[in-house]
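Asks: Let me begin by handing over the structure; questions about it come next.
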Amino acid sequence: MLLIESLYRLKRNLINFYKKYFTTEGTYTCILPDKIYLNMLYKQRTGKKLNLKNPKTFNEKQNWLKLYDRRPEYTIMVDKYKAREYIAEKIGEEYLVPLLGVWDSPDEIDFDALPNEFVLKCNHDNGVIICRDKSELDIEKVKEELRGRLKRDYYKKLREWPYKDVPRKIICEKFMEPQKGEAPIDYKFCCFNGKVQLIAIYADRFNGELKEDYYTVDWQPIRILQKKTSETLYKKPQNFQKMISLAEKLSDGLPFLRVDFNIWKDLLAVGELTFFHHGSMLPFNEPWETRLGEWIELPKKHRR
């Protein structure tokens, strides 16, 4: 009886060890090599085997790029603080939201010195804290949230390599007013080998229900994702051709880059630069997954 109980405990411990260290949901997934982890995660998310030997689809090529296109400048480009220098050099600093401060810790922030309205964010992840009235701001709660975000390893979840070595900081930007009568919209220009081929529109992202739609460069709505899109037909922005020109300058020489724009009352601004749209795990409608994959010309392997 004791032997049976011991074998049962051993089996249970081995199962727990495996789950903890060798599954995508485990506590210590960081010990899994990137290639193994991505193969497992892709199978879990899509039900398909990830083809890295001869990638054809958008998702396959994007995951190939995670593993084999690792240029040092990518880390600068995804860093929301350092990317400002890259953007200013490529297209001019007039396309940047004014910077109010940068810190290594929330305890360094002098909130008294900030204006009544501002936006706080970490330079290595995708969340923002918007302050519209400083008198109503719970400063200690904001500091606690920022500490949590500074600890977040954005690379680990989807193995988006450029984020791995970003020196983590907090930045504060000027709060920008939307155009009169309009809700903020993110225009995400997807550039394939330096050419804009697709525009993603994100709306209502801060109202709890993100709406995501796609348009061609001829401004025709298309449904490329399996999930439901909104019923809204968006107007082409007045400076659309300018946005295309800027996005193509920023993405020149790169196999894929998504350039995010916001249009404020007084400013057209680049929000961020992204190498992996939705982390490269999108549930596409065919033939779009294959067609988008055809637009990416893979470079030679470049491992840092």
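The values are calculated or read from the model by the stated rules, or taken from the named source; none is laboratory data. Since the structure is predicted, the reported quantities are computational estimates derived from the model, not experimental observations. Cβ coordinates were reconstructed from backbone atoms using ideal geometry, including for glycine residues, and neighbour counts include every protein chain displayed.
Asks: Which ones in region 239-262 are closer than 14 Å to Met77 by Cα and of a type in the set (S, T, N, Q)?
Replies: Ser251
Asks: Has region 41-48 got at least one residue that is aromatic (Phe, Trp, Tyr), assigned by TED's automatic domain parsing to the domain that holds Glu272, modelled with pLDDT of 95 or more and out of contact with any Phe, Trp or Tyr (no Cβ under 9 Å at 6 or more places or on another chain)?
Replies: No; the residues of region 41-48 include none that is aromatic (Phe, Trp, Tyr), assigned by TED's automatic domain parsing to the domain that holds Glu272, modelled with pLDDT of 95 or more and out of contact with any Phe, Trp or Tyr (no Cβ under 9 Å at 6 or more places or on another chain).
Asks: Anything in region 249-277 that is in contact with a helix residue (DSSP H, G or I) (Cβ under 9 Å, 6 or more places away or on another chain), surrounded by fewer than 18 Cβ atoms within 10 Å (Cβ to Cβ) and within 23 Å of Glu297 (Cα to Cα)? List them, or say none.
Replies: Of everything in region 249-277, those that are in contact with a helix residue (DSSP H, G or I) (Cβ under 9 Å, 6 or more places away or on another chain), surrounded by fewer than 18 Cβ atoms within 10 Å (Cβ to Cβ) and within 23 Å of Glu297 (Cα to Cα) turn out to be Lys249, Asp252.
Asks: Follow-up question, since we're still on this one. Could you tell me whether region 143-154 includes any residue that is within 19 Å of Met77 (Cβ to Cβ) and in a helix (DSSP H, G or I)?
Replies: Yes, region 143-154 has at least one match.
Asks: Look through region 39-55, keep the residues that are assigned to a helix (DSSP H, G or I) and in contact (Cβ under 8 Å) with a residue 40 or more places away in the chain, and return whichever of them is surrounded by the most Cβ atoms within 10 Å (Cβ to Cβ).
Replies: Leu41
Asks: For residues that are of a type outside the set (Gly, Ala, Ser) and outside any helix (DSSP H, G or I), scanning just region 239-253, find the one that is modelled with the lowest pLDDT.
Replies: Within region 239-253, the match that is modelled with the lowest pLDDT is Asn239.
Asks: So which of Glu160, Glu177 ends up being buried (at least 18 other Cβ atoms within 10 Å of the Cβ), in contact (Cβ under 8 Å) with a residue 60 or more places away in the chain and of a type in the set (D, E, K, R)?
Replies: Glu160 is the lone residue from the list that is buried (at least 18 other Cβ atoms within 10 Å of the Cβ), in contact (Cβ under 8 Å) with a residue 60 or more places away in the chain and of a type in the set (D, E, K, R).
Asks: Of the residues that sit in region 190-222 and are at pLDDT 90 or above and of a type in the set (D, E, K, R), which one is nearest to the chain's Cα centre (by Cα)?
Replies: Across region 190-222, the extreme among qualifying residues is Asp213.
Asks: Can you find a residue in region 225-238 that is at pLDDT 95 or above and either closer than 22 Å to Lys53 by Cβ or of a type in the set (A, V, I, L, M, F, W, C) (or both)?
Replies: Let us first name the residues in region 225-238 that are at pLDDT 95 or above, namely none.
No - not one qualifying residue is present in region 225-238.
Asks: Moving on to the next point. Restricting attention to region 254-290, which residues are modelled with pLDDT of 95 or more and either of a type in the set (Phe, Trp, Tyr) or in a helix (DSSP H, G or I) (or both)?
Replies: Phe256, Phe261, Phe275, Phe276
Asks: Is there any pair linking a residue in region 236-250 that is acidic (Asp, Glu) to one that is surrounded by 13 or more Cβ atoms within 10 Å (Cβ to Cβ), with Cβ under 8 Å and at least six apart or on different chains, and which?
Replies: Pairs that qualify, where the first residue is acidic (Asp, Glu) and the partner is surrounded by 13 or more Cβ atoms within 10 Å (Cβ to Cβ), are Glu248/Cys191; Glu248/Gly194; Glu248/Lys195; Glu248/Val196.
Asks: Please tell me if Arg168 is out of contact with any Gly (no Cβ under 7 Å at 6 or more places or on another chain) and under 25 Å from Pro98 (Cβ atoms).
Replies: Yes.
Asks: Answer yes or no as to whether Glu85 is more than 27 Å from Gly293 (Cα to Cα), at pLDDT 95 or above and out of contact with any Cys (no Cβ under 6 Å at 6 or more places or on another chain).
Replies: Yes.
Asks: Please list, ordered by residue number, the helices (runs of 4 or more DSSP H) wholly in region 56-119 having 1 or more residues that are closer than 17 Å to Lys169 by Cα.
Replies: 73-78, 83-91
Asks: Given the conditions (1) at pLDDT 95 or above; (2) over 30 Å from Leu67 (Cβ atoms); (3) in contact with a strand residue (DSSP E or B) (Cβ under 6 Å, 6 or more places away or on another chain), which single one is not true for Met176?
Replies: (1)
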